[in-house]
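Mind looking over this structure? Questions follow.
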Amino acid sequence: MKNIACQLEHSVEAEVSSSFAWSWRTDINNWDDPPAQFQLDGPFAGGSWGTTLLPGQEPLRWQIRDVRPGAGFIIDVPLDGAVVSFEWLFDAVSEQRTRITQRIVLAGDNAAAYVNQVQAGFGSNLPDGMKRIADAMVRAARSTER
């Protein structure tokens, strides 16, 4: 990708199998980030479009790309002259432990115009958000074991 203006990355480990982590995270019913609401037009597959709805804001459209079942996917949010990409990676550490990585990349000819917005919106929240996702994933896995 050309003209990378900003890149953020954080990893967490969760006491779940990589297959559970994958299936849980690719089910948008599990995407819990109030007050945001998420909609997906079609299956969780490359080329499908989704929408993030936030009160008082225009709907934000995004597209799933580069789906590698069980291993990772990328969601692209097109901006004016730029794209912010959210890459998710799932790496088995052991049979029941998975490293989950989220990499956020802002790139494009006009990417510099969005650096402050991306850093403010995601930079300080990324570690806590990833921990919250991993904790929710573990709770969900434990509830299915009962």
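Do you know which residues across segment 68-85 are part of a strand (DSSP E or B) and in contact (Cβ under 8 Å) with a residue 24 or more places away in the chain?
Once the filter is applied, which keeps residues that are part of a strand (DSSP E or B) and in contact (Cβ under 8 Å) with a residue 24 or more places away in the chain, segment 68-85 yields Phe73, Ile75, Leu79, Ala82, Val83, Val84, Ser85.
Write out, first by first residue and then by second, each pair whose Cβ atoms fall under 7 Å of each other, whose residues are 6+ apart or on separate chains, and whose first residue, in segment 105-125, is free of Cβ contacts under 8 Å to residues at least 60 places away in the same chain and part of a loop (DSSP other than H, G, I, E, B) while the second is open to solvent by 80 Å² or more (accessible area, probe 1.4 Å) and of a type in the set (Asp, Glu).
Every condition considered, the pairs that remain are Asn110/Asp80.
Restricting attention to segment 29-49, which residues are outside any loop (DSSP other than H, G, I, E, B), of a type in the set (A, V, I, L, M) and under 13 Å from Ile75 (Cβ atoms)?
Scanning segment 29-49 gives a single hit, Leu40.
So, of the residues in segment 29-50 that are surrounded by 13 or more Cβ atoms within 10 Å (Cβ to Cβ) and within 13 Å of the chain's Cα centre (by Cα), which turns out to be nearest to Val138 (Cα to Cα)?
Per the stated criteria, the residue is Asn30.
Could you please find all residues in segment 4-28 being part of a strand (DSSP E or B) and open to solvent by 30 Å² or more (accessible area, probe 1.4 Å)?
Ile4, Ala5, Gln7, Leu8, Glu9, His10, Ser11, Glu13
The values are calculated or read from the model by the stated rules, or taken from the named source; none is laboratory data. The model shown is predicted, which means the values in this text are computed figures rather than measured ones. Glycine gets a Cβ as well: all are built from the backbone with ideal geometry, and neighbour counts include every protein chain shown. Each accessible area value is taken on the protein alone, full model and side chains, heavy atoms only, with ligands, DNA and RNA left out. Shrake-Rupley method; radii C 1.70, N 1.55, O 1.52, S 1.80 Å.
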